[in-house]
Amino acid sequence: MVLAPLQVTADALNYTWILVVSFLIFFMHAGFAMLEAGQVRSKNVANQLTKNLLTWSVGVTVFFLVGAGISSLVGGSGFASAASTSGTGWIDWLYGAVFAMTAATIVSGAVAGRAKLRAYITYTFLLAAVIYPVVTGVTWAGAYISFGGAAFTDFAGGMIVHGMGGIAGLTAAYVLGPRMGRYNEDGSVNVIPGHSLTFAVLGTLLLAFGWYGFNVGTSAIIGGDGAFLGDQLGRVAMTTTLAMACGAMGAGLMAWVRTGKVDTLYVANGLLAGLVGITAIPHTTSWWGAFVVGGLAGIQLPLVFGFVEKRLKIDDVCAVFPVHGSAGVLGTLLYPFVAAPGVVDSVLNAFVAQVIGVAVIAAWTILATGAIWAALKAVGQARVTPEHEQEGLDVSEHGVETYPEFGSGDSVVADGGMVSESVRADGGSKDD
Amino acid sequence: MVLAPLQVTADALNYTWILVVSFLIFFMHAGFAMLEAGQVRSKNVANQLTKNLLTWSVGVTVFFLVGAGISSLVGGSGFASAASTSGTGWIDWLYGAVFAMTAATIVSGAVAGRAKLRAYITYTFLLAAVIYPVVTGVTWAGAYISFGGAAFTDFAGGMIVHGMGGIAGLTAAYVLGPRMGRYNEDGSVNVIPGHSLTFAVLGTLLLAFGWYGFNVGTSAIIGGDGAFLGDQLGRVAMTTTLAMACGAMGAGLMAWVRTGKVDTLYVANGLLAGLVGITAIPHTTSWWGAFVVGGLAGIQLPLVFGFVEKRLKIDDVCAVFPVHGSAGVLGTLLYPFVAAPGVVDSVLNAFVAQVIGVAVIAAWTILATGAIWAALKAVGQARVTPEHEQEGLDVSEHGVETYPEFGSGDSVVADGGMVSESVRADGGSKDD
Amino acid sequence: MVLAPLQVTADALNYTWILVVSFLIFFMHAGFAMLEAGQVRSKNVANQLTKNLLTWSVGVTVFFLVGAGISSLVGGSGFASAASTSGTGWIDWLYGAVFAMTAATIVSGAVAGRAKLRAYITYTFLLAAVIYPVVTGVTWAGAYISFGGAAFTDFAGGMIVHGMGGIAGLTAAYVLGPRMGRYNEDGSVNVIPGHSLTFAVLGTLLLAFGWYGFNVGTSAIIGGDGAFLGDQLGRVAMTTTLAMACGAMGAGLMAWVRTGKVDTLYVANGLLAGLVGITAIPHTTSWWGAFVVGGLAGIQLPLVFGFVEKRLKIDDVCAVFPVHGSAGVLGTLLYPFVAAPGVVDSVLNAFVAQVIGVAVIAAWTILATGAIWAALKAVGQARVTPEHEQEGLDVSEHGVETYPEFGSGDSVVADGGMVSESVRADGGSKDD
């Protein structure tokens, strides 16, 4: 009887696992597309969907040709382009690419409803080529950040992917300015509800499904010593599940306390915030820590959303900062306080290392993102014209109407003639 | 060359499989959410979605702290809380949890459109803590039910999960009473169509995808003796596929025979009924038996639905009893009659064991569920006010409108009429 | 310590992989359902969804009883019915079935909006029983096609599945004739927009997710010699990803060049065309070849779509020929020109073998499909009546309305005007 070499078994299992979880993480683009489409006006849905499709398409191509090489360059291994690798090296590249594209697509939710398509694509190009690769080069690849012997810890990208994406989104939304009509002259706020909670919740659940790949998939199956890594897999699965659940409950509870009603979108986004919160630390957190991290990530959601909306007056359309940014920072910083016994030697050193990591990533992200969008703005390419914004970006940027038969009475006049001027516009004409 | 220990290979493969199928079964919540959302009125969609999100969130937390321990306690192993386990024990817990949450979420489809959110959450809490754990404690954990040497057989939860959920839903819907306007004073029936067949069919296909995890995933990959369990995996994959297909055809055929038209929703729900029908017995059923089980599960769907609607006059909104309840009972009872040769020693003993199992689970489920909803009703907390039911639960319970741009107020009339003023806002009033 | 036999490890890993990817490929039915539903009028959505559900249900049953046996018969191994196999043979059968059903379901998008349900089901029956099995019998099973020592190459069905399906769809749509109002008397074209870009893009992303199973899953994990097949897995994952991305960019670019706008549906369908393009050759194509194949598949999409619409005047509703047909042919023929070094001995021989394969499959598909639809047409069973087409197939064929609360009657007029009275019911008439 021929026996199986350990190396074959370990390679086969680990790489099959990486493929499966890469597919799951790719699937999160369906989740982001639905979540964001549901949260925008019906006149901007096709624009949001197109941005999602092109984020992946442009981003993954750029990451193949340039981004992966920049990451290894910054990490100290020289410019190793994905084009020059082969075989399992391409599996590793795909695995890196799906994380990179998650960071990229988060931004599109913040700048919805007014960013020019070419501006967004330009930014995505630079994010995939440089901004995100520098972050992973400094952290996962180079492991440069530590304090007193404690290394900066981010297991699956709570800060590196989600925190970075959320902060980038907030920065871009700030530079762009709010949508027309979002704020009154006296500074008071107008709510612009998304067009479909059903799509938003669908997106939430697609994302949660993919997230199991994101977190649990970051653990190998068989370790370098040939042992089955069941302890780590089990802990990550448990903390991911509990933090997600507590995020939904925390946000729903806050909404109920403040308004007497359980807002559906807060529950959904709270579930996601709980997932973001645990993503940096699912492999070290105790079970009660998962309750704490998820619960706090959910509770902070309505508070941070209100702060961004009312104090900062930034129009973060899909709430990407409270969901991905502040929740990612929160979980990353909580690392030493919620860890299972024996994980952390010095709580202080570990905490300082986390603070340094968060600060470095946030500073770089704000600077790079702010500079790019400011430059686009300076040349008049950041934002569509007021007329196009009124009309909706679907018509002006894409020449399509997402729902030609609904929501606009006589918009379909001949099976043959889509008449675009009838697209319902806020602030605009039709039957206003 | 280092060789792979069999134990490492078996553990790694079996636990990786459990993780993958647990993710698939979790994904069924996206399916239930879409299936149910599509089958309710647009004024109640956000309520249905919120219940789905909270079923998972509340339920999985309760099952972690209490439910899993109750199951092991009833099963005779003492109260083993999930909090006190570790490593792969948490993988096993997650695997149990996704089955438990499937049972829980089925109920929400039956009580749609009139149950108070707090009543539903209370019931979900108790289902996850006690009702479902007692069922699994008696069956999978304790294996107490047998007759003449034949043990009660339920491979993946055709009765334990789906039958239980469907019966619980029917019971809760009976206690709650029908939606306003569902029955006329003379006892005749009004149909209240769901708001989107597209979402309903999407949910059906998401569920079918997850169901492969539910059924095939219940088989281990490598057995205790170190052999590959390909025979069992293959049979389960085959019977699951054929029963699903025959369920859709059976229900579509019945609809066509009775009305001359192939009702889309019957085909979709028939596909699910076929899956439910085979879930108890996919590992033992012959290929022709899969045709029988799936076909009968589909055929009974329109008949049982009509019986519940017209004779019992129970308003089971999403048809959870014909899909999960009666189909689950049917498949469980058919076990000895459709089994592959050599599986069943005594058809009579096996059948009696199945009858006992079905009766025990049904009786416990009806009693526990009926008592809880009756108690909630007695204190006036089971059902929203008639005004809120008219208005829709989205506004009254959640303060949101699912589709603020579509379905303008006056186009929805019969069972309540959504009035949009309270929510509509992009800075203007409803009419601007 | 007991060691793992290589055979057990290889069987367990390879069959687990086949199961996972079969589930993923099955999931593509959700993608096709959404993609097609989004591209048809709201009055025909339920019809499209029902066809998708029944394609799978009828097709897989027929493929179990007949189709798989025909494939092995044509392939030279005698009629080996799936009913007579067992164990892992059923896993292999399911794996074959999900490919077969992909080919079948493509056709439904081409004949949308006017084919009779019974005609479509009849055709699906024959496709699953004979047409597709003959194609796989000649190619994958029998490997009859070669030239000068070079065998016809189609790794995962770029021609065998997608090309065949796209050509079948075009043929059926030609025989059926265009939808009413699609062409004016002077031959000019009317655009009939689909009812929801959101569902169309959702379907696109669900398909892309499943496609990773389709392509990467076609590679085994551990080869016959016991080695891990990481090189092949990595290359397939890389080329699939890049071709998909370049397909979306290519189609979007062409739309932008021609109209100044980035049409959302072209980007989505371009992404799919890129995937189709690479599906025959993901295991041999170089990284730059993936750019070429994907880019060309995307670029040809708007051109071929226009040619079919304006020159051939065939009403291919969901653009299945440019997406699956011409893109599949393109990728199959490009095989020797984009291959990695060392793969192809003689470019000429390889190219001729590919041309022969494409010609044989196309000729057989056109003949068989044309004959069946012509026969159905001859007996007056191919197409619904003009009245039913005006009214919409949802009402006439299925007795349902997909969105009873939206898009009320008078907002849709040109190609028939859905009149809701006949269906609208929650107990009352439309206006109560």
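Counting only residues that are more than 7 Å from chain B (Cβ to nearest Cβ) and among the aliphatic types (A, V, I, L, M), segment A:191-209 holds 3 of them.
Figure legend. Inter-residue proximity from segment C:195-209: first residues touching a residue at least 24 places away in the same chain (Cβ under 8 Å), second residues part of a loop (DSSP other than H, G, I, E, B) and among the β-branched types (Val, Ile, Thr), beta-carbon distance below 6 Å, spacing 6+ or different chains. Indicated pairs: C:Leu197/A:Thr402.
To keep it simple, each residue is scored yes or no on (1) at pLDDT 95 or above; (2) within 19 Å of the chain's Cα centre (by Cα); (3) at the interface with chain A (Cβ under 9 Å from one of its Cβ atoms); (4) within 22 Å of C:Thr105 (Cα to Cα).
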position	(1), (2), (3), (4)
C:Thr239	yes, no, yes, no
C:Ala251	yes, yes, no, no
C:Val292	yes, no, no, no
C:Val308	yes, yes, no, yes
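Restricting attention to segment B:318-359, the residues being out of contact with any helix residue (DSSP H, G or I) (no Cβ under 6 Å at 6 or more places or on another chain) and either of a type in the set (Lys, Arg) or closer than 20 Å to B:Ala128 by Cβ (or both) number 0. Of everything in segment B:1-60, what is of a type in the set (Asp, Glu) and over 20 Å from A:Asp263 (Cβ atoms)? Give them in sequence order. The one that is of a type in the set (Asp, Glu) and over 20 Å from A:Asp263 (Cβ atoms): B:Asp11.
Determine if segment B:83-90 includes at least one residue that is crowded, with 24+ Cβ neighbours inside 10 Å and farther than 30 Å from B:Glu389 by Cα.
We begin by selecting, within segment B:83-90, every residue crowded, with 24+ Cβ neighbours inside 10 Å; these are B:90.
So of that shortlist, the ones also farther than 30 Å from B:Glu389 by Cα come out as B:90.
Yes, segment B:83-90 contains a residue that is crowded, with 24+ Cβ neighbours inside 10 Å and farther than 30 Å from B:Glu389 by Cα.
Going through segment B:239-261 one residue at a time, which ones are basic (Lys, Arg) and in a helix (DSSP H, G or I)? Full working, then the answer.
Filtering segment B:239-261 for residues basic (Lys, Arg) gives B:258, B:261.
Listed by number, the list holds a single entry, B:Arg258.
May I ask you to verify whether B:Ile361 is more than 14 Å from chain A (Cβ to nearest Cβ), surrounded by 23 or more Cβ atoms within 10 Å (Cβ to Cβ) and of a type outside the set (Phe, Trp, Tyr)? The answer is yes for B:Ile361.
Being of a type in the set (S, T, N, Q), more than 24 Å from B:His398 (Cα to Cα) and away from chain B (no Cβ under 12 Å) is a property that A:Thr284 has. Only residues that are in a loop (DSSP other than H, G, I, E, B), of a type in the set (A, V, I, L, M, F, W, C) and crowded, with 24+ Cβ neighbours inside 10 Å were counted across segment A:156-191, and they come to 1. Given the condition over 27 Å from the mean Cα position of the chain (by Cα), surrounded by 19 or more Cβ atoms within 10 Å (Cβ to Cβ) and closer than 30 Å to C:Arg258 by Cα, answer yes or no: does some residue in segment A:386-397 qualify? Within segment A:386-397, one or more residues are over 27 Å from the mean Cα position of the chain (by Cα), surrounded by 19 or more Cβ atoms within 10 Å (Cβ to Cβ) and closer than 30 Å to C:Arg258 by Cα. Comparison of C:Phe307, C:Phe351 shows that the only residue that is in a helix (DSSP H, G or I), without any contact (Cβ under 8 Å) to a residue 12 or more places away in the chain and surrounded by fewer than 23 Cβ atoms within 10 Å (Cβ to Cβ) is C:Phe307. How about segment A:210-226: which of its residues are surrounded by fewer than 21 Cβ atoms within 10 Å (Cβ to Cβ) and either at the interface with another protein chain (Cβ under 7 Å from one of its Cβ atoms) or in contact with a helix residue (DSSP H, G or I) (Cβ under 6 Å, 6 or more places away or on another chain) (or both)? Of everything in segment A:210-226, those that are surrounded by fewer than 21 Cβ atoms within 10 Å (Cβ to Cβ) and either at the interface with another protein chain (Cβ under 7 Å from one of its Cβ atoms) or in contact with a helix residue (DSSP H, G or I) (Cβ under 6 Å, 6 or more places away or on another chain) (or both) turn out to be A:Ala220, A:Gly226.
Filtering C:Val107, C:Val62, C:Val111 for residues that are of a type outside the set (Gly, Ala, Ser), farther than 30 Å from C:Ile192 by Cβ, in contact (Cβ under 8 Å) with a residue 12 or more places away in the chain and touching a helix residue (DSSP H, G or I) at 6+ places or on another chain (Cβ under 6 Å) leaves a single hit, C:Val62.
Output the helices (runs of 4 or more DSSP H) that fall wholly within segment A:50-130 and possess 1 or more residues being under 30 Å from A:Leu13 (Cβ atoms) and out of contact with any strand residue (DSSP E or B) (no Cβ under 7 Å at 6 or more places or on another chain), or say none.
Working: elements: A:68-74, A:88-110, A:117-126.
Those helices (runs of 4 or more DSSP H) span A:68-74, A:88-110.
Among the listed residues B:Thr259, B:Thr279, which satisfies the condition of being facing another protein chain (nearest Cβ under 7 Å), over 16 Å from C:Ser57 (Cα atoms) and in contact with a Gly (Cβ under 7 Å, 6 or more places away or on another chain)? It would help to see each step written out before you state the result.
Details: B:Thr279 fails: facing another protein chain (nearest Cβ under 7 Å).
Checking each option against the conditions leaves just B:Thr259.
Within segment C:75-98, the set of residues being more than 8 Å from every other protein chain (Cβ to nearest Cβ) and on the phi > 0 side of the Ramachandran plot comprises C:Gly76, C:Gly78. Of the numbered criteria (1) closer than 29 Å to B:Val40 by Cα; (2) touching a residue at least 24 places away in the same chain (Cβ under 8 Å), the one B:Ile221 fails is (1).
Here is a list: C:Ala280, C:Ala290, C:Ala297. Which entry is in contact with an Asp or Glu (Cβ under 7 Å, 6 or more places away or on another chain) and surrounded by 23 or more Cβ atoms within 10 Å (Cβ to Cβ)? Walk me through how you get there before you give the answer.
Numbers: C:Ala290 fails: in contact with an Asp or Glu (Cβ under 7 Å, 6 or more places away or on another chain); C:Ala297 fails: in contact with an Asp or Glu (Cβ under 7 Å, 6 or more places away or on another chain).
Of the residues listed, the single one that is in contact with an Asp or Glu (Cβ under 7 Å, 6 or more places away or on another chain) and surrounded by 23 or more Cβ atoms within 10 Å (Cβ to Cβ) is C:Ala280.
Considering B:Ala37, B:Ala46, B:Ala30, the condition of being at the interface with chain A (Cβ under 7 Å from one of its Cβ atoms), over 21 Å from A:Pro193 (Cα atoms) and either assigned to a helix (DSSP H, G or I) or in contact (Cβ under 8 Å) with a residue 12 or more places away in the chain (or both) is satisfied by B:Ala30 alone.
Cβ-Cβ distances below 7 Å connect the following pairs, each with a first residue in segment C:7-22 that is more than 7 Å from every other protein chain (Cβ to nearest Cβ), a second residue that is assigned to a helix (DSSP H, G or I) and hydrophobic (A, V, I, L, M, F, W, C), and a separation of six or more residues or different chains: C:Ile18/C:Ile91; C:Ser22/C:Leu94; C:Ser22/C:Val98. Tell me, yes or no, whether segment C:343-355 has at least one residue that is within 14 Å of chain A (Cβ to nearest Cβ) and either under 21 Å from C:Gly142 (Cα atoms) or at pLDDT 95 or above (or both). Yes.
The values are calculated or read from the model by the stated rules, or taken from the named source; none is laboratory data. Quantities reported herein were computed from a predicted structural model and do not represent experimental measurements. Cβ atoms come from the backbone with ideal geometry, glycine included; neighbour counts cover every protein chain shown.
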